[in-house]
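Q: Input: one structure, supplied below.
Just so it is clear, none of the values below were taken in a lab; they were calculated from the coordinates. Note that the structure is a prediction, hence the values are computed from the model and not measured. So basically every Cβ, Gly included, is an ideal-geometry build from the backbone, and we count neighbours across all protein chains shown.
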Amino acid sequence: MEIGILFADVRGYTSMAESRPLEEVARLLNRFHAVATDVLCKRDAIIDKLVGDEVMALFLTGFTGPGCFDKMASSAEGLLRGVGHGSSEGPWLPLGIGMDFGLAFVGNVGSGEVKDFTALGDVVNTAARLQAEAKAGQVVMSERVYQEVADRYPEVPRVELQLKGKSEPVAARVVEFAG
């Protein structure tokens, strides 16, 4: 099915986890997960995974309706705003986001007692790799996503990214969040 994928990941998490008390790290992640849940659920996303310092969200076109791309963009903005990007104090958690849209298998995977509802396919891998390219406060979106939300982010230059595991460069746009 056609699906939008959003990955959001905390930048510098390994160093943070190494240098801060575990209770503080857990508090920050719980706060991040609460922000992510609130932002994404309000925009009809399905939270696929909350894994440590990362969230994966699915935007199923049959569920989100015709505003799928706007909901993805609003979610990215809401996540960045929710962790303080664009505020005068700066972020309390540095976050980078990647988004793509395309065909994926959506359903249960696994066997026996251990199954997971998820999405699989190139679109998922591409969104994850785009997220890996994002610096704190950035949304790196595929050209497919950008073309649907270009009015929202005018004049963002196109870049060609060589993503890990991809045989060809991927056209993308890097949106700097300014609040």
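Q: For the chain, give the magnitude of the charge dipole about the Cα centre (Cβ charges: +1 Lys/Arg, -1 Asp/Glu; no others), in debye to the nearest 20.
A: Dipole of the chain, to the nearest 20 debye: 120 debye.
Q: If we count other beta carbons within 10 Å of each Cβ, what is the order of Thr37, Thr64, fewest first?
A: Sorted ascending by nearby Cβ count, the order is Thr37, Thr64.
Q: May I ask you to compute the full-extension gain from Asp38 to Ala132, defined as 0.36 nm times their residue separation minus their alpha-carbon distance, rounded to one decimal in nm?
A: This chain segment gains 31.5 nm when fully extended.
Q: Could you give each residue of region 5-22 its phi-based ³J(HN,Hα) in whole Hz, using Karplus coefficients 6.51, -1.76, 1.60 with θ = phi - 60°, and x for Gly or Pro?
A: 10, 10, 10, 10, 9, 6, 7, x, 4, 4, 5, 4, 5, 6, 9, 10, x, 4
Q: In what sequence do Tyr13, Tyr153, Tyr146 fall when counting other Cβ within 10 Å, fewest first?
A: Exposure proxy ranking, most exposed first: Tyr153, Tyr13, Tyr146.
Q: ³J(HN,Hα) across region 99-114 via Karplus (A = 6.51, B = -1.76, C = 1.60, θ = phi - 60°), whole Hz, x for Gly/Pro?
A: 3J(HN,Hα) across region 99-114, in whole Hz: 9, 8, 9, x, 7, 8, 7, 10, x, 7, 10, x, 8, x, 7, 10.
Q: In whole Å, how far is the Cα centre of region 5-77 from that of region 97-164?
A: 13
Q: Can you list the HN-Hα couplings for region 69-80, worked out from phi with the Karplus curve (6.51, -1.76, 1.60; θ = phi - 60°), rounded to whole Hz and with x for Gly and Pro?
A: With the stated coefficients, region 69-80 comes to 5, 5, 5, 5, 5, 4, 5, 4, 4, x, 5, 5 Hz.
Q: Specify, per residue and in Å³, the volume enclosed by the convex hull of the alpha carbon atoms belonging to region 42-139.
A: Values: hull volume 10.6 nm³, N = 98.
Here the figure is 108 Å³ per residue.
Q: Could you list which residues have their amide H under 5 Å from that of Leu95, counting only those 5 or more apart in sequence or on another chain, with H placed in the peptide plane?
A: Counting only residues 5 or more places away or on other chains, the set is Arg11, Gly137.
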